[in-house]
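The structure appears below as structure tokens.
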Protein chains: 4
Amino acid sequence: MKIIRDAVHGDILINEIEKKVLDSAPMQRLRYISQLPGISSVYPSATHTRFEHSLGVLHFTDIFTKNLKLSEEDREALKIAALLHDVGHSAFSHVGEEILKNFSHEKNSLKIFKEKIAPLVESRLNAKKIEKYLKGKGYGIIISGDLGTDRLDYLLRDSYFTGGVYGKIDAQRLLDSMEIYKNKLVVPEKSISTAESLLLARYFMFSAVYLHPTARIAKEMISKGLRIAMKNGWISRDEIINGRDFELLFYLKELGSSIIGSYLERGLFKKALVITPSPAFKSFLHSSNARGKIEEFLKQYFEENDFVVCIPDYPSQNFEVNIKQKKKVVQLKEISPLVKTLQALPLQNTFILATKPKIRLEASARMKKFISNF
Amino acid sequence: MKIIRDAVHGDILINEIEKKVLDSAPMQRLRYISQLPGISSVYPSATHTRFEHSLGVLHFTDIFTKNLKLSEEDREALKIAALLHDVGHSAFSHVGEEILKNFSHEKNSLKIFKEKIAPLVESRLNAKKIEKYLKGKGYGIIISGDLGTDRLDYLLRDSYFTGGVYGKIDAQRLLDSMEIYKNKLVVPEKSISTAESLLLARYFMFSAVYLHPTARIAKEMISKGLRIAMKNGWISRDEIINGRDFELLFYLKELGSSIIGSYLERGLFKKALVITPSPAFKSFLHSSNARGKIEEFLKQYFEENDFVVCIPDYPSQNFEVNIKQKKKVVQLKEISPLVKTLQALPLQNTFILATKPKIRLEASARMKKFISNF
Amino acid sequence: MKIIRDAVHGDILINEIEKKVLDSAPMQRLRYISQLPGISSVYPSATHTRFEHSLGVLHFTDIFTKNLKLSEEDREALKIAALLHDVGHSAFSHVGEEILKNFSHEKNSLKIFKEKIAPLVESRLNAKKIEKYLKGKGYGIIISGDLGTDRLDYLLRDSYFTGGVYGKIDAQRLLDSMEIYKNKLVVPEKSISTAESLLLARYFMFSAVYLHPTARIAKEMISKGLRIAMKNGWISRDEIINGRDFELLFYLKELGSSIIGSYLERGLFKKALVITPSPAFKSFLHSSNARGKIEEFLKQYFEENDFVVCIPDYPSQNFEVNIKQKKKVVQLKEISPLVKTLQALPLQNTFILATKPKIRLEASARMKKFISNF
Amino acid sequence: MKIIRDAVHGDILINEIEKKVLDSAPMQRLRYISQLPGISSVYPSATHTRFEHSLGVLHFTDIFTKNLKLSEEDREALKIAALLHDVGHSAFSHVGEEILKNFSHEKNSLKIFKEKIAPLVESRLNAKKIEKYLKGKGYGIIISGDLGTDRLDYLLRDSYFTGGVYGKIDAQRLLDSMEIYKNKLVVPEKSISTAESLLLARYFMFSAVYLHPTARIAKEMISKGLRIAMKNGWISRDEIINGRDFELLFYLKELGSSIIGSYLERGLFKKALVITPSPAFKSFLHSSNARGKIEEFLKQYFEENDFVVCIPDYPSQNFEVNIKQKKKVVQLKEISPLVKTLQALPLQNTFILATKPKIRLEASARMKKFISNF
């Protein structure tokens, strides 16, 4: 047994086989993949990485499965799946993933497991089970469900590292009271408040942190830097998938990417235009390649490295949270007015144009003109 | 007024001129200078940087000088000095500093202030005062003293990010009760316990975190990687002074530094030999260029990228903490048996040889032979 | 200046005149008035009293008014009003207040201030202003408003002492960002999430703590013990107003109150019947003297010390939270779907009959019969 | 399984038999026995009781014995002993115990267990084992040792409720790493810092909290009130042993104890004389009945209810902490210079005379005269 000290959970216990997985190159790479790319532009303490998060998910999965009394074989397979659930992330996590066509970090995690990790553990673990859990099947829901250990850890961790108060959830109570019932992860009726409170915490984390306007601009700058570099042939798709955040940033800066240069010295672009889209414009924004069309339009007048556009997206709040009412299982949203409201709430809905200071006024005017067509 | 949310202190208020300094390129570079290089190999959450620490020192200096009722001019100058006190750090902070001859981050902070920051603020601030405080003179002791705001912040911050309990100090009580008396920063007699407790906290942080054997190996690997690269002419002194941690790591990896390659994938070297030096060997270790001689010896048998030696050093615990007893000022160590004991305690005293697994046994034997000469 | 160490806020600074008020007998009595009577039956750590809470409200009022830059005279008067805002509480706070006809702790606070405290401070403070603020007029809203310092402190404090996570609110951010605008306490638009989050925290504290079914039974046992004792002439109205919690409990126990005897040894009554009232029964429950009628009915069959009935009440969630949108002031509930939902949410709606174990079954049957008339 | 929410540990799990013990009258009485009598005069949040502390010790014993892999029978017996370890405390815990001749709360706990608790649990538990553990024999050391679960809980809890930072110990790490070796509770060598840090935390808690001068005066007022009441025949020895704190306070106040009257309204006596005793006076102070002789002397001039004397005592710091060095067990104090120093440190050494304000000057003079004889 090895003890690793984590800022959020305190001591995390790691057995020998977990240590072997943890020490593998694909897992160690996660030390250089930011948990929240771009967010430290706004919340400077948010320097944490997918590596600690993965340890945290392992830890919560360990505690939870002890309470659930799974078999040792299932537990161990599930813990390894917990540790590996994010191993397939590209550089810049979701920011990288969004610009890669036909890429999903979940599938990549599975691939990495099969190719690089399974050979290390196969003799002692049930690789088929680990694969099943990585796909979110069977007990895999314990990790990836709407109240799963992945979300429990990231809410607490992101809150801890942003200095927020929103993400403080009662993970202990959930882990103590949830159970597997009729093949579902269920919350007993008396813990409804705890589940409601978690979904609200997630909502507030989205509005205060994940979708903070300045953070959206920072993420968009990274994203655009990568897209331009790919288009120019400076970097390949594989380099994004297998690279590390700073490795790519410094490489692009060296190659002369002026937008990444700005990012690294936090000459973040300033807001030139922030609007709540009209229904017509909104429908355009969600049509195929809206970003491309806007960028084409602006490139007629401005250097492409001098501006970014942030298209509002609307993270699903269509939660699948099962409540056990006596012997029935019902959906939380059906019995909780708060969660029902939450589900209908748009999380953020502004369109942002951000630019270098020198073109701010002109770009704002051009953009307004473009929008006036809708 | 701008509000920045910090994980340790919550809201930190920044006025317009402080924001200007904060947004300058030299300050923004600190986002990429680890507060504790190498430590995240052991404490994975310790991903924090000099940037947040600098904000924290500004914050404590703000609170403290409000209590002290300094003039507005002095306060503002001191706060700017607090923000800038670490701006001159090279890549890898102290690890980088140690391999650069004739370099001190304090002097470099002063230089950067004069050349790059003063022009931004001069019209509105007293640059002479800022320089004086950066040198630790006059009120500068408020930042750099043994109970200064620099130490108060780093103990709390390093504790927060390592998940430790040792560094939890009563900063609030110290900031509420310390005063300037006879040109000295003094602690009133009734707060002696708080001061003792802080020095003990620092001691425990050294033994549990800063000098953790594995962390020493990690730091030594970075250090040796840099030294070999300088020797080979791959990087210049200036690149270490002005570079960023990851920039250098990825650059060296690309140039083929195998030791940095190992570090990045945490093939940290394993301990081959750990000994408490005999008096004779200890005296050799502190003679000039002991490291060089040991490395020369081992290079006869092994590739230089395959091993590191960690020479014990003995951080001074000769604290200057003034206690105000009625109208007298006395030294804490004169009246506190605990602090007196602490002062005489060696903080760590092992000599470590760490190597790649394949040469571990042989290297251990060779090293023992070398040591047997003393 | 005196420093008092509080578990929630750390150091609280008290000036000389505040210390004088704090040391007065009416304030010291608050050390024996539970902040949450009955709740420690469920949350055993909730042993905190109105005394610490009063210090906390003083502390937040101090911080807030510093940010608001009130005149020193106004600040000092407001801080004294903060310290005194609960001084008029009867024994068992709200539980006692509810059984006293024509009694309000706010009016009693005013009376105690005039009669017993004003003579101590009058020469140095503006007593008229303190009275005004105690009435919630003018700046008094800073203490008693829906986002006032009273609520900020009690949510944090009750959360701290119940081990909850629900009450964790971002008081610092609110105190940093709220202002007085057009004679109203307003929250800037960008802090809407913080205000929403506070109202939700309050909601969850009600459902998890303040209205916990077992806590309702405990409170009802105290309440009934007091009512029977008053009816029997064992204690007077004045003894409840001026007494201390334990003083009354032990006095009643000695006089032979069997219900208080049970309470003290936590033979809390067990639930015999828990129902969500039908509309007709609900309307009866809110008619005048419903409790009296039910108790009369049950007394035909059972000893009055052997049962209690808990009538659901519906704490108002009709919040008055002003949001400053540019130059307009709007109500939070008008622009926040979450708060609008919250306002329409019934906080608890069960009717509970709890009894000694021996009569549980029969009492349940009788009660059902009674209810069947509606 | 029942879940109880504790402020310090979060959820505490209680099985059916533990719940039965917890619900017994002797355990419920602990809700009214202050954990730190008198301390809330100085630290107003310190309202916690022996009841929550007992739950905390149960919780830590549960965690620790899970790690130690004791048999289920031993574990359950040890957990019950943990819950009951303080059940024999008289009113005012140690303050009451000190004035009762031939009384020890440990023996009383054993007696209460045999007479009142064993009949409830005997059929399902091994009462002999519980008795053995209550005596501190065998595994009982896990509760009562110098690093036992009793101390781990009270340091954390007293720190939590006083708002201190001193008591923050790394209980998790100790519970994870201690083991039973050669029938002793041992700490592995690598956790020496954690053990040292705990002993230092205890030292600082003594100096800042337990022996705070004002707290000593408050405790002495309670003590003297009880002693006078016993002497006058107002209360019996049994009433102190079986009573509750406030029950006795209000009873004595009603009977006219002026010193208890002062205490309840916090007219705490003020320091009239504080001196560090000379060796001769010190030796007198530790002779038999020194307090009695001083009080006799002062009673010639002053009403006995108008003053108290606080005799310095010197809590043993002769710790028994076993360190496992390879296969040897050594004492921590033999290898730790800090602990050795600590052991030789007097924890407090002032003699205090405190009086009503009106006799302060005269009493101080009389007392000085008395002391001058030594």
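The values are calculated or read from the model by the stated rules, or taken from the named source; none is laboratory data. Keep in mind the model is a prediction, meaning the values are calculated, not measured. Note that each Cβ is placed from the backbone with ideal geometry, even for glycine, and that neighbours are counted across all protein chains shown.
Observations on the structure shown:
- Unmet requirement for C:Gly140, which otherwise passes all of (1) modelled with pLDDT of 95 or more; (2) within 17 Å of the chain's Cα centre (by Cα); (3) more than 14 Å from chain D (Cβ to nearest Cβ): (2)
- Some residue of segment C:197-207 being part of a helix (DSSP H, G or I) and within 26 Å of C:Glu303 (Cα to Cα): no
- Any hit, segment A:153-174, residues being in the same structural domain as A:Arg75 (by TED's automatic domain parsing), acidic (Asp, Glu) and touching a His at 6+ places or on another chain (Cβ under 9 Å): yes
- Filtered by the rule that a residue be surrounded by 18 or more Cβ atoms within 10 Å (Cβ to Cβ), at pLDDT 90 or above and outside any helix (DSSP H, G or I), segment B:303-321 gives B:Phe307, B:Val308, B:Val309, B:Cys310, B:Pro312, B:Val321.
- Just so you know, in segment A:42-59 the residues that are facing chain B (nearest Cβ under 7 Å) and outside any helix (DSSP H, G or I) include one that is nearest to B:Gly267 (Cα to Cα), and it is A:Thr49.
- Positions within segment C:250-266 being free of Cβ contacts under 8 Å to residues at least 24 places away in the same chain and not basic (Lys, Arg), in sequence order: C:Phe250, C:Tyr251, C:Glu254, C:Gly256, C:Gly261, C:Leu264, C:Glu265
- Candidate set from segment C:187-196 (those that are among the aliphatic types (A, V, I, L, M) and buried (at least 21 other Cβ atoms within 10 Å of the Cβ)); member that is farthest from the other protein chains (Cβ to nearest Cβ): C:Val187
- Segment D:83-116, subset among the hydroxyl-bearing types (Ser, Thr, Tyr) and in a helix (DSSP H, G or I), residue nearest to D:Glu18 (Cα to Cα): D:Ser109
- Single residue of C:Ile80, C:Ile99, C:Ile63 found to be more than 24 Å from C:Leu156 (Cα to Cα), aliphatic (A, V, I, L, M) and more than 14 Å from chain D (Cβ to nearest Cβ): C:Ile99
- Positions within segment A:3-29 being more than 11 Å from chain B (Cβ to nearest Cβ) and not aliphatic (A, V, I, L, M), in sequence order: A:Asn15, A:Glu16, A:Glu18, A:Lys19, A:Lys20
- A Cβ distance below 9 Å, combined with a sequence gap of six or more or placement on separate chains, defines the contacts here; from segment B:344-361, residues that are in the same structural domain as B:Ile259 (by TED's automatic domain parsing) reach residues that are among the acidic types (Asp, Glu) and part of a helix (DSSP H, G or I) in the pairs B:Ile352/B:Glu220; B:Ala354/B:Glu220; B:Thr355/B:Asp306; B:Thr355/B:Glu362; B:Lys356/B:Asp306; B:Lys358/B:Asp306; B:Ile359/B:Asp306.
- Any chance A:Gln300 is among the polar types (S, T, N, Q), over 23 Å from the mean Cα position of the chain (by Cα) and surrounded by fewer than 17 Cβ atoms within 10 Å (Cβ to Cβ): yes
- Taking the numbered list (1) in a helix (DSSP H, G or I); (2) in contact with a Cys (Cβ under 9 Å, 6 or more places away or on another chain); (3) of a type in the set (Gly, Ala, Ser) in turn, D:Ala354 passes all entries but (1).
- Condition check for D:Arg216: over 22 Å from D:Gly10 (Cβ atoms), more than 9 Å from every other protein chain (Cβ to nearest Cβ) and basic (Lys, Arg): yes
- Residue among A:Ser109, A:Ser123, A:Ser177, A:Ser191 that is touching a Gly at 6+ places or on another chain (Cβ under 6 Å) and either closer than 18 Å to A:Leu332 by Cβ or of a type outside the set (Asp, Glu) (or both): A:Ser109
- Subset of segment D:30-41 (residues that are at the interface with chain C (Cβ under 8 Å from one of its Cβ atoms) and either assigned to a strand (DSSP E or B) or of a type outside the set (Lys, Arg) (or both)): D:Tyr32, D:Ser40
- Test result for C:Thr65, in contact (Cβ under 8 Å) with a residue 12 or more places away in the chain and more than 19 Å from the chain's Cα centre (by Cα): yes
- Here is the figure for segment C:168-179: residues that are at pLDDT below 90 and either within 12 Å of chain D (Cβ to nearest Cβ) or under 15 Å from C:Lys327 (Cβ atoms) (or both) total 0.
- Among residues of segment D:151-167, those that are part of a helix (DSSP H, G or I) and within 12 Å of chain C (Cβ to nearest Cβ), counted: 6
- Counted residues, segment C:237-280 - those being among the β-branched types (Val, Ile, Thr), outside any strand (DSSP E or B) and surrounded by fewer than 15 Cβ atoms within 10 Å (Cβ to Cβ): 1
- Scanning segment D:322-343 for residues that are touching a residue at least 40 places away in the same chain (Cβ under 8 Å), assigned to a helix (DSSP H, G or I) and within 13 Å of another protein chain (Cβ to nearest Cβ) returns D:Ile335, D:Leu338, D:Val339, D:Leu342.
- In a residue-by-residue description of segment B:281-290, the property of being of a type outside the set (Asp, Glu), modelled with pLDDT of 95 or more and not in a helix (DSSP H, G or I) applies to no position.
- Residue within segment C:62-79 that is in the same structural domain as C:Tyr32 (by TED's automatic domain parsing), crowded, with 16+ Cβ neighbours inside 10 Å and in contact with a Gly (Cβ under 7 Å, 6 or more places away or on another chain) present: no
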